[in-house]
Each structure stands twice: as structure tokens, then as C-alpha cells.
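Encoded as C-alpha cells, the structure appears first; notes follow it.
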Amino acid sequence: MPRTLQSSSAAYTPPPSSPSEATWRPIVLLCGLAVLISYIDRTNISVAAIRMQEQFAWSETTKGYVLSSFFVGYLAMMAASGALANRYGGKLVLGLAVVWWSVFTALTPPAATLSFGALIAARIALGAGEAAVFPASINMVARWVPHEHRSRATALFSTGLSIGTMISLPLTGWMVRVYGWPVPFYVFGAIGIVWAAVWFTKVSGGRAIHDDENAGPRVIPWKRLLSAPPVWAIFVAHFCSNWSLYVLLAWLPSYFKSTFGVTLANAGLLSAAPWAFYFVLGNLGGVMADRMIAAGRSRTFVRKLMQNTSLIASGIFLLMLPLAHSPTVAMLLICGASGTVSFCLSGFGANPFDVAPRYADVVWGISNTGGTMPGIIGVAVAGWLLDRTGSYNAPFTLTAIVGFVGALFYWRFASGEKIVD
């Protein structure tokens, strides 16, 4: 673990040069670990709910309420968490958020035993806490990472979601099978508390980047941000990128099982591989974007190239899925879709630093409000299309179309130029 970073004070003298990668990378990795933990804590109930349903005699509708209640709190607090990170700093907001959601993760079993209402309240509270993880991490990138490395830093912490997804489902399944469904909630809640202890003792909330954009407290220009077309381009791109992300997260195991008749265990393994591609290509995209900018390419060109490659290439891979006549070919095509969609992290993901560097965390909070909607709308529509058509071709085709429309909108309205001082 890196040495303790000294706290800033009023007498602090700014360093003469930008912080080295050895300084900022451990902080970004800790942010990535927070993202990883958040995805474990939000998805472990999808496995545990199978046993919970048996114990509490839930209907499928009731189970659906439990699984979706997380997004109520997550959506409600998204914009507010960006504003809080901008006002109080990413260290405090992210640290408290992880403690908050870890406590409610551990409270899930007793809440479920107490009443259905208490369980729903605990899941909503969990979502409200997790809303801060991305905006607060963006704030830490702005504080610690030099401009020329922010694409790769954003990709590095954001791809923690893919590792969290890969870990959560099989590990939770094993714990539930061996120790009972409450155990994963206690174990993962405790891991979050340990992370928070490391975060608060090893990381400073002060700024290693000292420039005008990191000046002291300021009034957030909500009207200017919400009326700027490039901010809406980020919002739309986030929505469209997450449509692909959430549809794949929710439906891959079912797709492999029902389409190719594989066992549930093999469906889980086939569904895990695409997230390895997401991690690798997402980080590769971050390096590529930073290198193109360093070589003289405009930020507008780089953001549009990465974002549109993400949406168009992933859509093409999804449209090719009907041609797959074996689970191996289908897995490779989905690996292509999930891998290329991760390029969005160097597109819209890093774009807030360009258009509103002093309010990048706020812009992320705004855009992730749109990015959360597909978790509710996109997943539900995919299920409805599946019931109507009896095939996964329709939901995957719609996902591709959403991506193509998003690419057109982003290409027309996105910008890499600063629009808000």
C-alpha cells in the first residue's frame, strides 16, 4: 500500500511540477476498487434472491421489486452526489459513501427478516450511497491526475465494474450454497469498511493539481451546464452506452442458457468472458486516447472517435449474433461488443474534463442520471421484446439501434472545448 499522502493546509506550497504516475495511480486504483466493491454489493442480491424468494415466499413480481429498488436511490442521488463531491471533495464524499452503502449491505439480511418494507428501504439506501462512486472518483481524478493522463485514469477506475461483475456472481453463488444467503452481505459489507479505513488513512483530500480549475468553492452554474449542447451529448452518449452495458449484464446468462442449452454453470462462465474484454480494451482505449491528444489530435476529434467507435462497433457485433450457431462464436461476438463498448470511457467518460473542468464531477452526476435509466428501461424493454418475439434478436437489434442513434447525436453535438469556466 502506498505511503500516506500528506494533507494539505493553508500554508501548503504547490509543487513545481505535475504529480508523477507513482503518486496518482494508487489513488485511482483505490477508486477502481471502490467501483469494484460497489458492483459486487449491487449485484450479489441477484444470486441471493433465489434463496430469499424460497424463504420468504416471494412472487416473481415481488422479487422484481427487490431487484429494481436499488435504482430508485441510485437515480435520486446521482446529480446531488456530483454537487456534493464538487463542494466537499472526492475524498470525503467517496469515503462516507462507501461506509454508508457497506452498512446497508450488511443490514440487508436483518432488514429482510424484519419486513419487506425494511428490505426495500435498505436497498434504496444502498443505491443512494452508491450514486457517489463515479462523481467522487471523477473529482479525485481532477485533483490528482495531470490533464494528459485523465483518459487512462478514467478508464482505469471505471473498468473496476467489469471485475466486480466477474467476481460477484460466482463468489456469491458459492457463499450462498455453502454458508447461506445472508453471509455474502456480511462479508462484502465488511470489505467496504476495510476499504474505507485504508482510504481515510492513506489518501489526502488536498490537490496535487494546482491551477485555476481547482480553485476554491464556487457556485455551480446549473443553468449554463444544463443548456449546453455538449453536456447533453455526454448525457445521451452515457444513456446509449449504458443501454448496451445493462442489457448485456442482465441478459447474457439467460441468452446462453436458452439459445444454446448450456448448463447454468457454463452460462455463467460464458457470460464472464466479455467483462474481461471490457477491462482490457477499456484501459487500452484510455491509453490510446491520451496518446492521440499528446500527439496533437484535438480533444473533440479524440472524444468523438472513441465514443462513436464504441457505439457503432458494439452495435455491429450485436447485429451479427444471429449468425452465431455455437456458444463459442456467440461468446466471441459478445466479447467484441462488450470490449468495444468500453471505449466509451475515453469518449463521454473523459469528456467532462474537457467541457467543464471545474465541474467534471457535476457533469458526470448529470450524465449518469441518464446512464442509470437503461438499468430500468432498457432491461425491462429487452424482456418485453423477448416475450413478444421469443428470440434475443429483437432486444439485441434494438440495443444496436440505440447505439447508432447515440453515435449520430454525439458526433453532431459533442465538443472537446471548454464551455464553462
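The values are calculated or read from the model by the stated rules, or taken from the named source; none is laboratory data. Keep in mind that what you see is a predicted model, and the values were worked out from it rather than measured. When we count neighbours, we look across all protein chains shown, and the Cβ atoms used for this are built from the backbone with ideal geometry, even at glycine.
General remarks:
- Applying the set (1) under 24 Å from Gly371 (Cα atoms); (2) modelled with pLDDT under 85 to Ile163 leaves exactly one unmet item: (2).
- Any hit, the stretch 18-40, residues being surrounded by fewer than 22 Cβ atoms within 10 Å (Cβ to Cβ), at pLDDT below 85 and more than 21 Å from Ala350 (Cβ to Cβ): yes
- Any hit, the stretch 300-309, residues being among the aliphatic types (A, V, I, L, M), on the phi < 0 side of the Ramachandran plot, modelled with pLDDT of 95 or more and touching a helix residue (DSSP H, G or I) at 6+ places or on another chain (Cβ under 7 Å): yes
- Count of the stretch 184-203 residues which are modelled with pLDDT under 95 and among the aliphatic types (A, V, I, L, M): 1
- Given (1) among the charged types (D, E, K, R); (2) under 22 Å from Ser168 (Cα atoms); (3) buried (at least 16 other Cβ atoms within 10 Å of the Cβ); (4) in contact (Cβ under 8 Å) with a residue 24 or more places away in the chain, index of the condition Lys63 fails: (4)
- Selection within the stretch 53-74 - at pLDDT below 90, of a type outside the set (A, V, I, L, M, F, W, C) and part of a helix (DSSP H, G or I): Gln53, Glu54, Glu60, Thr61, Thr62, Lys63, Gly64, Tyr65, Ser68, Ser69
- Looking across Val133, Val141, one residue alone is of a type in the set (Val, Ile, Thr), crowded, with 24+ Cβ neighbours inside 10 Å and over 13 Å from the mean Cα position of the chain (by Cα). It is Val141.
- Once the stretch 73-91 is narrowed to residues that are surrounded by fewer than 17 Cβ atoms within 10 Å (Cβ to Cβ) and in contact (Cβ under 8 Å) with a residue 40 or more places away in the chain, the residue that is farthest from the chain's Cα centre (by Cα) is Arg87.
- When the criteria are applied in full, Arg412 meets the requirement of being surrounded by fewer than 24 Cβ atoms within 10 Å (Cβ to Cβ) and at pLDDT 95 or above.
- Selection from the stretch 78-123 of residues that are hydroxyl-bearing (Ser, Thr, Tyr) and more than 27 Å from Asn139 (Cβ to Cβ): Thr108, Thr113, Ser115
- Spans of helices (runs of 4 or more DSSP H) in the stretch 295-393 with at least 3 residues surrounded by fewer than 24 Cβ atoms within 10 Å (Cβ to Cβ), β-branched (Val, Ile, Thr) and outside the structural domain of Pro135 (by TED's automatic domain parsing): 299-319, 360-389
- Hey, Val287 among the β-branched types (Val, Ile, Thr), buried (at least 24 other Cβ atoms within 10 Å of the Cβ) and part of a helix (DSSP H, G or I) or not: no
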